[in-house]
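Have a look at the structure below before the remarks.
The values are calculated or read from the model by the stated rules, or taken from the named source; none is laboratory data. Worth saying up front: this structure is predicted, and the values here are computed from it rather than measured. Counting neighbours? That spans all protein chains shown, and the Cβs are built from the backbone with ideal geometry, glycine included. Protein only, heavy atoms only, side chains kept; ligands, DNA and RNA dropped before computing areas. Shrake-Rupley method; radii C 1.70, N 1.55, O 1.52, S 1.80 Å.
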Amino acid sequence: MDSEELLVGIINSISDFEIIRDQHWYRIPVNIADKRLKKRWPPKWIAFYHSGALKNNPFLISHYAEIKSIVEVSRNILFPDESYNQNSNKIYYKIVFEKLNTLPKPILSRRWRRIVFIQTTYKKFLNAVEIND
């Protein structure tokens with residue numbers, strides 16, 4: 001378990017956090033994952049970095065989950081109520097998990113930084129105190 005791959009994804013909106021919390025899935029555009037994450041794909045675990053968009057708890061990681069499945073799906077399937085637009089047929093990896101775990105102590109970012117994804121291991125993640133760890 002210690003060397004299992006863990007991916008930290010960014011949460012850019014309250015609605016994205018609500019999907020993670022309530023529906024237990026996260027999305028990554030396939031083209032981004034294939035370009036930036038292919039060396040360590042697929043992950044066994046996922047954690048979530050709160051961007052500044054989450055005003056109550058910005059710039060930290062407080063939740064993670066064990067991945068149940070990863071499937072390719074179009075945006076119009078992920079968001080059936082969204083009006084059809086130029087992104088409707090964009091393909092995403094839908095990362096599905098069962099239980100959202102909360103860290104006993106959040107992993108903080110001591111200074112602002114632009115984060116897209118962080119690839120690490122489960123062991124390093126559990127021992128981290130600060131984002132750079």
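Of the listed requirements (1) more than 20 Å from R21 (Cβ to Cβ); (2) modelled with pLDDT of 95 or more; (3) among the basic types (K, R), K94 misses just one: (1). The listed residues are I67, I28, and the only one of them that is over 19 Å from K124 (Cα atoms) and either within 13 Å of the chain's Cα centre (by Cα) or hydroxyl-bearing (S, T, Y) (or both) turns out to be I28.
The one condition from (1) of a type outside the set (A, V, I, L, M, F, W, C); (2) within 17 Å of D133 (Cα to Cα); (3) surrounded by 13 or more Cβ atoms within 10 Å (Cβ to Cβ); (4) touching a helix residue (DSSP H, G or I) at 6+ places or on another chain (Cβ under 8 Å) that S62 does not meet is (4).
With respect to the conditions (1) farther than 20 Å from R27 by Cα; (2) surrounded by 12 or more Cβ atoms within 10 Å (Cβ to Cβ), T120 lacks only one, and its number is (1). When you check R40 against the structure, is it surrounded by fewer than 17 Cβ atoms within 10 Å (Cβ to Cβ), charged (D, E, K, R) and closer than 20 Å to N132 by Cα, yes or no? When the stated conditions are applied, R40 passes them.
Restricting the stretch 7-25 to residues that are within 18 Å of V71 (Cα to Cα) and over 10 Å from the mean Cα position of the chain (by Cα), the residue that is most open to solvent (accessible area, probe 1.4 Å) is Q23.
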